[in-house]
1. State all residues of region C:15-36 that are under 23 Å from C:Gln70 (Cβ atoms) and more than 23 Å from the chain's Cα centre (by Cα); if no residue qualifies, say none.
2. How many of the residues in region B:19-45 are part of a helix (DSSP H, G or I), aliphatic (A, V, I, L, M) and farther than 25 Å from A:Gly30 by Cβ?
3. Given the conditions (1) within 13 Å of DNA strand F (Cβ to nearest atom); (2) away from every other protein chain (no Cβ under 14 Å); (3) closer than 30 Å to D:His162 by Cα; (4) among the aliphatic types (A, V, I, L, M), report the number of the one that D:Val49 does not fulfil.
4. Can you tell me how many residues within region B:52-80 are surrounded by fewer than 14 Cβ atoms within 10 Å (Cβ to Cβ) and either within 14 Å of chain C (Cβ to nearest Cβ) or within 12 Å of DNA strand F (Cβ to nearest atom) (or both)?
5. For region D:168-184, give me the residue count where each residue is facing chain C (nearest Cβ under 8 Å) and at pLDDT below 90.
6. Do you know which of the residues in region C:40-51 that are more than 8 Å from DNA strand E (Cβ to nearest atom) and not hydrophobic (A, V, I, L, M, F, W, C) is surrounded by the fewest Cβ atoms within 10 Å (Cβ to Cβ)?
7. Working only within region A:5-30, note down all residues that are away from DNA strand E (no atom under 14 Å from the Cβ) and in contact (Cβ under 8 Å) with a residue 12 or more places away in the chain.
8. In region D:147-163, how many are touching a helix residue (DSSP H, G or I) at 6+ places or on another chain (Cβ under 6 Å) and either under 20 Å from D:Val121 (Cβ atoms) or modelled with pLDDT of 85 or more (or both)?
Protein chains: 4
Amino acid sequence: MVEGSPLRADAQRNRARILDAAEAVFAEFGARASTEEVARRAGVAIGTVFRHFPTKNDLLAAIMKRLLAQLVEEAGKHDLFAFFTHVVAQAAAKKTAVDLLAESGVDIRLSEAVSHLEEAVSSLLKQAQAAEAVADSVQLPEVMALLASVCQGALHGGWGEHLQARTLAVIFAGLKQVGQGGCRG
Amino acid sequence: MVEGSPLRADAQRNRARILDAAEAVFAEFGARASTEEVARRAGVAIGTVFRHFPTKNDLLAAIMKRLLAQLVEEAGKHDLFAFFTHVVAQAAAKKTAVDLLAESGVDIRLSEAVSHLEEAVSSLLKQAQAAEAVADSVQLPEVMALLASVCQGALHGGWGEHLQARTLAVIFAGLKQVGQGGCRG
Amino acid sequence: MVEGSPLRADAQRNRARILDAAEAVFAEFGARASTEEVARRAGVAIGTVFRHFPTKNDLLAAIMKRLLAQLVEEAGKHDLFAFFTHVVAQAAAKKTAVDLLAESGVDIRLSEAVSHLEEAVSSLLKQAQAAEAVADSVQLPEVMALLASVCQGALHGGWGEHLQARTLAVIFAGLKQVGQGGCRG
Amino acid sequence: MVEGSPLRADAQRNRARILDAAEAVFAEFGARASTEEVARRAGVAIGTVFRHFPTKNDLLAAIMKRLLAQLVEEAGKHDLFAFFTHVVAQAAAKKTAVDLLAESGVDIRLSEAVSHLEEAVSSLLKQAQAAEAVADSVQLPEVMALLASVCQGALHGGWGEHLQARTLAVIFAGLKQVGQGGCRG
DNA sequence: AATGAATGAGAATTCATTCAT
DNA sequence: GATGAATGAATTCTCATTCAT
């Protein structure tokens, strides 16, 4: 992966400030928020934003990439259930850009970052299955799907902690016992 | 609720065509799609759309309302699991407006339509619990939350049928066995 | 002047209601108010307005015509000073359409109605001069100009009664003594 | 009052061109004239107008403010009568925006600029009274009212120079002798 | 590299006017 | 004659993107 020449110190700093501002702004107003507002929040001029991210999509993609990288890091610190819980809580709290990216027309190549996350979750899944906390029949795709679904649900639904816990409890029970047709029934 | 005078036949027809067009257009392009495109698709002039729905939000709200009413109708024909499956499949297939409404700033009063849906699902839930297909400890809020989450997941994630089935299987197992801590463990 | 066939009773009634509504609406919102609002206020459909007044300008012209006719009638009941006072008070109170007509692009042929008013005022002026209440050098044009000016001033300025009285006092004094260079100075 | 950072030279130039164009356009077509026309006349793109004046009202308000400031400046060069004459002549000649602002719904905070003008006129009034050219009983409010009235009259009425002079003569005589009830009568 | 003004296509919304019923 | 839905041009305002400084 070519990163070009290393950024000058101030450019590096600006890039980070822009990403932080963008995450906050898009979380607050949705992907419709203007790039101008991001620049204002970051304390830089609009031109600087476009120098770092040639299009708005590039900016959204960069946010997403960073977010996924953070998730990978989190995955290393938890078991599958704790990870799920943590991520869902984060989604609601930080109003992550996750869903925004799915919106109209945002075309993003994130496969690399996504596959890192999938690897991390896959590893958690294997551990959980080794510990018999998750049924052996469960595969990675549905785990990812459930994770994404519940994050978006939490994000859009504005769930409280209690509802979050109850919803996750259903999913955790399902992950453990799916395919067993109930205890004996 | 005042409905005003009944619409003239042609106006009634246009209203329906606009709603159909809007559902299709917003499904295809997201809520950012222009009202102009909706008019074009409906085969009417832009002014006609705005006569029927004074703002774009009114149009989105009307779509949502109709969608929820359709869901209530579906609920009457299925048990809880079939309903879940059906709705999720629909979400992916029809790319319903569900999620679009959660987007940026769309302010909608839909409580009535939503509570109808909740009643319908509540009734399905009770049946399923009576049939011992769902654990007694499960409550309506988490069922609604799971439904919404999985719909959005399916919608954004572009799941295939197979993944849909596997994901739902986890949730169904969870609904049945949550709170039992496994068969005997 | 051809008036066409006499209007049907209901048409006659509608015409009057539309004029009343239009006067009120344009007074309240300015000439920018929509013809639709006028129709609503008059309790008729938009098409009816356009049947009576083929364009919006025709409607504005009709209001103006009626207003001027009313002024002519008033002129018959007062002396020049009372007339001035009365008209200015009316202008502020009824927020007449006077000024609205001067607005952008409204093209109106009102010469006939205007000349009636001028005749009426001319007559008042002659009486006042005969009574030595107005200097002989004063001519009709400046009286009309002052009348129009002060009406618009009152209308736009939102004068209270007191300011109205003081302003008119200056003008009345001027009408009496212009050309005398003061008492002796 | 925060003025922000000083504008770049080109922005400053554009701002002035836009104001000039707007004054001319609104004078010619009324406040209904489109912002697009203003941009065209100013030789800038529509976006540039909106960058300088976020809404059309802001643009109208800015014109008004500049106009009032010019009047204050004029006031310093004349006595009360010359000022009156000058302003009325200007009103007719330049078709100032004065009246346009009173139109439909234009909401403007101009108190500061207005009070500057009032101070200037107040000063002229005192001088004139000291010179016994205006009766002591005359107060500022009616002077302002007469000024505004006559400007609007001149503007809407399309007076010629001669009528202007005769109308002002009445007002000047009134200002001198009001309250004296005629020479002796 | 950063700045921030200029650009101009595009979107929502309004409204006079027409026309089928 | 009345009705009121349909029309579509015009208008205000937004925003991603470019470019001179």
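The values are calculated or read from the model by the stated rules, or taken from the named source; none is laboratory data. These numbers were taken from a predicted model, which means no experiment stands behind them. Neighbour counts are summed over all protein chains in view; Cβ atoms, including those assigned to glycine, are modelled from backbone coordinates with ideal geometry.
1. Hits for region C:15-36: nothing passes.
2. Going through region B:19-45, the residues part of a helix (DSSP H, G or I) turn out to be B:19-29, B:35-42.
Next, only the ones that are aliphatic (A, V, I, L, M) stay: B:19, B:21-22, B:24-25, B:27, B:38-39, B:42.
So of that shortlist, the ones also farther than 25 Å from A:Gly30 by Cβ come out as B:42.
Summing the residues that are part of a helix (DSSP H, G or I), aliphatic (A, V, I, L, M) and farther than 25 Å from A:Gly30 by Cβ in region B:19-45 gives 1.
3. All conditions pass for D:Val49, except number (3).
4. Residues in region B:52-80 being surrounded by fewer than 14 Cβ atoms within 10 Å (Cβ to Cβ) and either within 14 Å of chain C (Cβ to nearest Cβ) or within 12 Å of DNA strand F (Cβ to nearest atom) (or both): 1 in total.
5. Step one: of region D:168-184, the residues facing chain C (nearest Cβ under 8 Å) are D:169-180, D:182-184.
Retained after the next criterion (residues that are at pLDDT below 90): D:178-180, D:182-184.
Of the residues in that region, 6 qualify.
6. So in region C:40-51, the residues more than 8 Å from DNA strand E (Cβ to nearest atom) come out as C:40-45, C:48.
With the extra rule that they be not hydrophobic (A, V, I, L, M, F, W, C), the set shrinks to C:40-41, C:43, C:48.
Details: C:Arg40: 15, C:Arg41: 18, C:Gly43: 11, C:Thr48: 17.
Filtering region C:40-51 for residues that are more than 8 Å from DNA strand E (Cβ to nearest atom) and not hydrophobic (A, V, I, L, M, F, W, C), the one surrounded by the fewest Cβ atoms within 10 Å (Cβ to Cβ) comes out as C:Gly43.
7. Just the residues of region A:5-30 that are away from DNA strand E (no atom under 14 Å from the Cβ), to begin with: A:20, A:22-30.
Of everything in region A:5-30, those that are away from DNA strand E (no atom under 14 Å from the Cβ) and in contact (Cβ under 8 Å) with a residue 12 or more places away in the chain turn out to be A:Asp20, A:Ala22, A:Glu23, A:Ala24, A:Val25, A:Phe26, A:Ala27, A:Glu28, A:Gly30.
8. The qualifying residues number 9.
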